[in-house]
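All of the numbers you see were taken from the coordinates with simple rules; none came from a lab. Bear in mind that the values here come from a model prediction, so they are computed numbers and not experimental data. Ideal geometry is used to build each Cβ from the backbone, glycine not excepted, and the neighbour counts take in all protein chains shown.
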Amino acid sequence: MGVTSNSRVVLRARAATRITVKGEDGAIYANRDLEAGDSYDVPSVPGLSLAVADAGVVNVVVDGVDLGRV
């Protein structure tokens, strides 16, 4: 479910949850459900914020390195 891009940051769901990614200006970049195994390539835009329904089931991958749970 990820977006094809040159993103350095990827959110990877280990179980079902909902993510919301917003810009500093309030623009919504993502507001979607992720299922186990789904990923979302975070746009390379400064100042984004992330809200996650269950942060314990989402891992952050930066430049291919899994940094663990949000």
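Structural descriptor for the chain: relative contact order 39 percent, calculated from alpha carbon pairs under 8 angstrom and at least 6 residues apart. Annotation for Asp63 and Val45: the two label points, set 7 Å from Cα along the Cα-Cβ direction, are 2.4 nm apart.
Quick one, what does Rg over Rh come out to for the chain if you take C-alpha atoms and the Kirkwood Rh? Intermediate values should be presented prior to the final figure.
On the way: Rg = 11.1 Å, Rh = 12.0 Å.
That ratio equals 0.93.
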